[in-house]
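Worksheet: the structure to be examined is printed underneath.
The values are calculated or read from the model by the stated rules, or taken from the named source; none is laboratory data. The shown structure was predicted, so the numbers you read here are calculated from the model rather than taken from an experiment. Glycine gets a Cβ as well: all are built from the backbone with ideal geometry, and neighbour counts include every protein chain shown.
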Amino acid sequence: MAYDRPSWKEIDRMRDKTGRRKKREKKNHEIREHSTRYDKYKKDLNRLFDQGLAGELLKKQTPEKPKEPEPPKPSSNSKSKSKAAVVTRKAKEGRIPKDTQAGTSRLKLIRSVIDAEDSEVLIKAVDELSGSFGIPDDWEVLVRVLEHPDEKLVLQAVIKMKALLPKTAKIPRRFTLRERLRSIGQTAADGELRQLAAEMEESM
């Protein structure tokens with residue numbers, strides 16, 4: 001009797017059937033095994049509940065949270081430092097410090113004296129500057145002070161000029177200054193002022 005050899009297609013089909021059958025059997029086996037384990041676990045758990053041991057088991061299974069370290073308590077020194085820092089910060093955040101304000105006002109007054117365009121503005125600026133800060137050792141300011149009607153202020157300016165003259169290489173407004181000194185030397189009521197003004201004019 002001749003043997004009918006199956007075709008390759010039939011062989012592949014048989015292999016597929018065999019493979020699918022094996023997969024089903026394996027899956028059913030896993031399901032049965034899982035079901036058996038689950039039933040055993042359930043029975044054990046019920047037994048623990050009946051015996052009152054489930055709570056202890058849960059405590060063992062639940063990991064304890066590590067205690068967080070307590071923040072260090074601030075010492076008295078740190079409190080004093082923080083207070084000092086607050087005070088310093090408040091001092092910085094406020095208005096311009098008094099020293100800075102005074103310096104700014106002085107510079108503004110000096111600029112007002114130098115830039116004054118009429119005698120009324122000049123007199124007011126010189127009065128404020130001399131009253132608050134005194135007359136500075138600045139040639140441009142001193143030249144403008146000579147235009148003030150108060151001979152006491154003019155005398156202060158001339159005395160300062162005489163002290164600054166040996167150290168000064170370049171005198172601003174030299175021509176205007178000499179004319180003003182000549183006029184003071186001839187018309188001033190104060191004798192000391194007349195003499196100093198005349199000496200200054202000759203030395204320039």
Going through region 153-177 in order, the residues found to be farther than 17 Å from D190 by Cα and either hydrophobic (A, V, I, L, M, F, W, C) or part of a loop (DSSP other than H, G, I, E, B) (or both) are M161, A163, L164, L165, T168, A169, K170, I171, P172, R173, F175, L177
The number of residues in region 161-171 that are crowded, with 18+ Cβ neighbours inside 10 Å and either polar (S, T, N, Q) or modelled with pLDDT of 95 or more (or both) is 0
Checklist line | Flag for A197 being at negative phi, touching a residue at least 12 places away in the same chain (Cβ under 8 Å) and exposed (fewer than 12 other Cβ atoms within 10 Å of the Cβ) | finding: no
Of the listed residues (R178, R174), the one being among the basic types (K, R) and surrounded by 13 or more Cβ atoms within 10 Å (Cβ to Cβ) is R178
Filtering region 124-152 for residues that are buried (at least 17 other Cβ atoms within 10 Å of the Cβ) and part of a helix (DSSP H, G or I) leaves a count of 10
